[in-house]
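Just below is one structure, and these are the notes that go with it.
The values are calculated or read from the model by the stated rules, or taken from the named source; none is laboratory data. None of these values were measured; they are calculated from a predicted model. Cβ: placed from backbone, ideal geometry, glycine included. Neighbour counts: every protein chain shown. Please note that ligands, DNA and RNA were not included when accessible areas were found on the heavy atoms of the full protein model with its side chains. Shrake-Rupley method; radii C 1.70, N 1.55, O 1.52, S 1.80 Å.
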Amino acid sequence: MKSYTMMYGFIIDPNTEEKVDEVIISYMKAPNTYTREDIVEINCHGGVVAVKRILSLVLKNGARLAEPGEFTKRAF
């Protein structure tokens, strides 16, 4: 993806091949971001079920939760 673009698609559970949610993915390439690192954002529906399932999938695939204040610390 080109930096500062959005892409429409679906989050798919790799184990069941089930569509979890319809999403928009945003990609921002370093150094033109708040933390000066590459950033990917997932915009999904606001329901608790979809958000929890997507969060669970990204954590299982190597992402981790940010610590409180981590983005400001990295930006500093």
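Things worth noting here:
- Residue check for GLU22: without any contact (Cβ under 8 Å) to a residue 12 or more places away in the chain and either at positive phi or not aromatic (Phe, Trp, Tyr) (or both): no
- Residue match in the range 57-68 (condition: open to solvent by 100 Å² or more (accessible area, probe 1.4 Å), assigned to a loop (DSSP other than H, G, I, E, B) and on the phi > 0 side of the Ramachandran plot): no
- ALA30 surrounded by 11 or more Cβ atoms within 10 Å (Cβ to Cβ), within 11 Å of the chain's Cα centre (by Cα) and in a loop (DSSP other than H, G, I, E, B): no
- Tallying residues that are of a type in the set (Asp, Glu) and under 13 Å from the mean Cα position of the chain (by Cα) within the range 1-20 yields 0.
- Residues of the range 40-56 classified as open to solvent by 90 Å² or more (accessible area, probe 1.4 Å) and not charged (D, E, K, R), total: 4
- From THR35, THR16, residue being open to solvent by less than 40 Å² (accessible area, probe 1.4 Å) and outside any strand (DSSP E or B): THR35
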